[in-house]
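Accompanying notes for the structure given below.
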Amino acid sequence: MRVLMGVCALALTLACPQATSGRSYTVEDLLATEALGQAQVDAHGRWAVVERQRPWREVSDYSYGGLTPMLLSELWIADLKSGGPLVRLVPSAPDTGYFAGPLSRDGSQVMVYRLRGARLEAGVARLADKTIAWTGRTPELPVFGRAAQWTPDGKLLVLTTGENRLPYHLASRRTVQDELPGRWREAAQGQVATRSAIGSGRFLAWRPRSAPGALTRIDPATGLARSLVAGEFIDLEISRSGRWAALIERAGDVQPPLDEPARVASPTRDLRLVLVDLLTGQTSRPSLPAPLATGLLSWSRDERLLVAVAPSVATRQLAVVSPVNGQVRRLDTGGRPLALTGNLEGSVYARAAWSGSDPVARVNRPDGHVAWQAIPNGRVPGTLDAIAAAPPEPGTRLRVNPPLPAETRRDGETVTSLGPNGAPRVRWSLPPGAEVMAAGGDQVLVRLTTAQGVTHLARIWSAPREVIHPLS
């Protein structure tokens, strides 16, 4: 096994100045800081896509507050099979950020986000020739789950905003400075009312609504986009066959409870499950036994959908939905409550997926420990031990059955790539202090940081004797 770092590997070395005994850390040091963002390697181990953040001194627009680094992001790619260095996918431009969405299933294309001023646009880049087809559509950001996913036939499904508005999590940073001067001017001229009505009780529906977004299909060759179904969607999951798309949709306003303190994560909108038949275009909204919860959309191999429902703010239950007939079945965890994970805002999530034909979920055992449990028979498959440390936040799906070609597991200083049948394909030994950023095929990208604060992006690949199962 060989490790190449810095210029010898992917030619990306980032400076993060550190205070030394000779002088104090200065504002100039802070403004010179660069950083690595997300990284991806396609399932066959050919292409690497890496986000790099340029120095802070290069930005002149701080309208996005804590999200300003998105304006500094740029995309680099490398052909790992040819051993080529990292090169820019798109030339840098002032106050313009590029960051990556998902790679296509064959690894030849990647969704690209471009943020420039108050406009966010989706595009599709071909990695071999670095051409980008722009769509003219504004994509949602993957905040509550997926916002984009590739279909088995090579099309890209994207959640887009209505009227090309900025996604809320970007717009909320700059809405006041963008809109308030104009509103002051209109109010001073007597053109509009100077107050807004937000209803409550029987007037709950008074709040004005913006135009809904859509589930949009994009042709990656041309960038042409076609809306499939309208709605204010926040999560997406395509079934394994590519026939069905499951969506979580924001619906009507929710009356805040009077006996509970309001939190950042307190629900303000009802959530609905929407199923779209991608062959016929027909949609359905199944009736669930309790309000739908965020953080879980999981398809089985036989096209059943696993979702979480919220009987109360602090509890979750599971249900299985059949898209063919709309049948809904609540699952019984045998008296063991679901183990929930949360974030700083107070949101909680259930962690569940499919193993074979069985739903599996993390539950609280009577002895106080948390374990994976198959439902409904209560057995705990030993093969699930490896995902016990699954990430608590939504957006990263659990992949239990079967693992995708690019799935990896880490055990101490060893990383293992799994094949489609779950068998180990390639193993790597990591250098001390390495942080795994991405893996695919027989390639791993790691981050290494020196004591002086210099970050190297390192590529690790396997010698032939270390390939347990050859790549298909």
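The values are calculated or read from the model by the stated rules, or taken from the named source; none is laboratory data. Owing to the predicted nature of the structure, the values given are computational and were not obtained by experimental measurement. Ideal geometry is used to build each Cβ from the backbone, glycine not excepted, and the neighbour counts take in all protein chains shown. For the accessible areas, the whole protein counts, side chains as well, though only heavy atoms, and no ligand, DNA or RNA atoms are used. Shrake-Rupley method; radii C 1.70, N 1.55, O 1.52, S 1.80 Å.
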Among what's in the stretch 259-311 and is at pLDDT 90 or above, of a type in the set (S, T, Y) and assigned to a loop (DSSP other than H, G, I, E, B), pick the residue that is nearest to the chain's Cα centre (by Cα).
S300
Can you pull out every residue in the stretch 96-139 that is at pLDDT 95 or above, outside any strand (DSSP E or B), open to solvent by 10 Å² or more (accessible area, probe 1.4 Å) and within 30 Å of R269 (Cβ to Cβ)?
T135, G136, R137
For G334: the one exception among (1) open to solvent by 30 Å² or more (accessible area, probe 1.4 Å); (2) under 20 Å from D270 (Cα atoms):
(2)
Restrict the check to the stretch 140-150 and report whether at least one residue is within 27 Å of L297 (Cα to Cα), among the acidic types (D, E) and modelled with pLDDT of 95 or more.
yes
Which count do you get for residues in the stretch 43-58 that are open to solvent by less than 40 Å² (accessible area, probe 1.4 Å) and at pLDDT 90 or above?
9
From the residues in the stretch 59-86 that are open to solvent by 30 Å² or more (accessible area, probe 1.4 Å), in a loop (DSSP other than H, G, I, E, B) and not small (G, A, S), which one is nearest to T416 (Cα to Cα)?
K81
